[in-house]
Amino acid sequence: MTGHWTIWAVMAGLATGSAVGAAHFAALRWNARLFAAGRTGFALGAQAARCGLTALLLFALARAGGAAVLAGLAGLLLARHAALRLAMEAR
């Protein structure tokens, strides 16, 4: 039987992964604009910060357990799907 802790970890992982994923992909769009504008140094720093914060989230979720990190990754994938859908509608 699944304990209450696992259920809460999955819900927290999914919510956190979705929120951080939305921020990650919004920052990716902003980062691409920086590269296109020729601000390469600033864009590389922003990209490193974006990827580092996402990795830090996944590390924290991994410390909470396998179910939490898998739910967090699912949240990231949901955010990716939403970001791609918005980008395609904007075209």
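With closer than 14 Å to Ala83 by Cβ, surrounded by fewer than 16 Cβ atoms within 10 Å (Cβ to Cβ), among the basic types (Lys, Arg) and out of contact with any Asp or Glu (no Cβ under 9 Å at 6 or more places or on another chain) as the only criterion, which of Arg29, Arg39 stands out?
Among Arg29, Arg39, only Arg29 is closer than 14 Å to Ala83 by Cβ, surrounded by fewer than 16 Cβ atoms within 10 Å (Cβ to Cβ), among the basic types (Lys, Arg) and out of contact with any Asp or Glu (no Cβ under 9 Å at 6 or more places or on another chain).
In the stretch 58-71, the count of residues that are of a type in the set (D, E, K, R) and either surrounded by 13 or more Cβ atoms within 10 Å (Cβ to Cβ) or touching a Phe, Trp or Tyr at 6+ places or on another chain (Cβ under 6 Å) (or both) is zero. In the set (1) under 15 Å from the mean Cα position of the chain (by Cα); (2) touching a residue at least 60 places away in the same chain (Cβ under 8 Å), Gly72 fails one condition alone, (2). Residue count for the stretch 6-54 under the criterion of being charged (D, E, K, R) and outside any helix (DSSP H, G or I): the result is 1. Give Arg39, Arg50 a once-over and let me know the one that is touching a helix residue (DSSP H, G or I) at 6+ places or on another chain (Cβ under 8 Å) and of a type in the set (Lys, Arg). None of the other options fit; the residue is Arg50.
Every read-out reported here was derived from the displayed coordinates using simple, explicitly stated rules and does not represent laboratory data. Just so it is clear, the structure is predicted and the values come from calculations on it, not from any experiment. Here Cβ is always computed from backbone atoms with ideal geometry, including for glycine, and neighbour counts include all displayed protein chains.
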